[in-house]
Amino acid sequence: MNNASSSIVLDQVVPARAPWSAVVKKGQTLRIIDLESQQAVDALFYNAHAYSERYSAQETLISQGSAYIGKGTRLFSNEGRVLMTLVEDTCGRHDTLAGACSCESNTVRFGHETKYMHACRENFLLEVGKYGMGKRDIVGNVNFFMNVPVLENGELVIDDGLSDPGGYVDLLAEMDTLVVLSNCPQVNNPCNGFVPTPIRVIISEAVPA
């Protein structure tokens, strides 16, 4: 990031498996960096002044006519307004169909012995609780750096991630937006290369050079 062209507000490493959240003000940019590659980052977005307005995967996909998230994607809310725009992307493909892993889905997909494992849904619950929200406020999410091909029969396949070490996305806030992340703890499928790793988040006052 070129400090001459952007003023850094926050620069933080999020440990493997951990949640994170912050308000990104209108006009600020959030950069999410996949430090070691193949680390899925689950994300939720809310209007920072009215949490009832939040990210809508349906509105987003309908507006762009594509199943994947990438550079130029506008992240729409359930009220049809743009929360954030993906203005830079070194990976090229991100998911918004597969949802967040949970203890329950781990049990169904990978066996009862995996139910105890920490999951993104639990991360989300811990983090949104700080803002007075709960289970009903967790909606469909974006999975940055997660490769989920859609087969011809409509089946979703979680495949190896495509991001390189240091790969990133830049999200420009179109309104004051509460961003909630889960640095995915999943170890039963290849979304994290089976080894969760840290990420880095940077909020800046301008679009980084």
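The values are calculated or read from the model by the stated rules, or taken from the named source; none is laboratory data. Owing to the predicted nature of the structure, the values given are computational and were not obtained by experimental measurement. Cβ sites come from the backbone with ideal geometry, for glycine too, and all protein chains shown count toward neighbours. We work out accessible area using only protein heavy atoms, side chains counted, and drop any ligands, DNA or RNA first. Shrake-Rupley method; radii C 1.70, N 1.55, O 1.52, S 1.80 Å.
Descriptive notes on the structure:
- Lone qualifier among SER77, SER37, SER56 - being open to solvent by less than 40 Å² (accessible area, probe 1.4 Å) and within 30 Å of VAL195 (Cβ to Cβ): SER37
- Top-ranked residue in the stretch 182-209 [being at pLDDT 85 or above and over 21 Å from GLU36 (Cα atoms); ranked as least open to solvent (accessible area, probe 1.4 Å)]: SER204
- Within the stretch 111-121, if we keep just the residues that are part of a helix (DSSP H, G or I) and open to solvent by less than 40 Å² (accessible area, probe 1.4 Å), the residue that is modelled with the lowest pLDDT turns out to be THR114.
- Neighbours by Cβ (under 9 Å, 6+ apart or cross-chain): first from the stretch 126-141, under 12 Å from TYR51 (Cα atoms) and without any contact (Cβ under 8 Å) to a residue 40 or more places away in the chain; second open to solvent by 30 Å² or more (accessible area, probe 1.4 Å) and aliphatic (A, V, I, L, M): GLY134/LEU125
- Extreme residue, nearest to GLN39 (Cα to Cα), among residues of the stretch 126-181 that are among the polar types (S, T, N, Q) and either buried (at least 20 other Cβ atoms within 10 Å of the Cβ) or modelled with pLDDT of 95 or more (or both): SER163
- Close contacts from the stretch 5-25, counting a first residue that is within 18 Å of TYR46 (Cβ to Cβ) and a second that is open to solvent by 70 Å² or more (accessible area, probe 1.4 Å), with Cβ to Cβ under 8 Å and a gap of 6+ residues or different chains, come to PRO19/LEU126; TRP20/GLN12; SER21/LYS130.
- The single residue among VAL13, VAL23 that is aliphatic (A, V, I, L, M), in a strand (DSSP E or B) and closer than 11 Å to THR197 by Cα turns out to be VAL13.
- The one condition in (1) among the charged types (D, E, K, R); (2) open to solvent by 60 Å² or more (accessible area, probe 1.4 Å); (3) under 14 Å from CYS184 (Cα atoms); (4) in a strand (DSSP E or B) that ASP42 fails to fulfil: (2)
- Top-ranked residue of the stretch 81-108 - restricted to ones that are of a type in the set (A, V, I, L, M) and under 25 Å from ARG17 (Cβ atoms), ranked as modelled with the lowest pLDDT: VAL108
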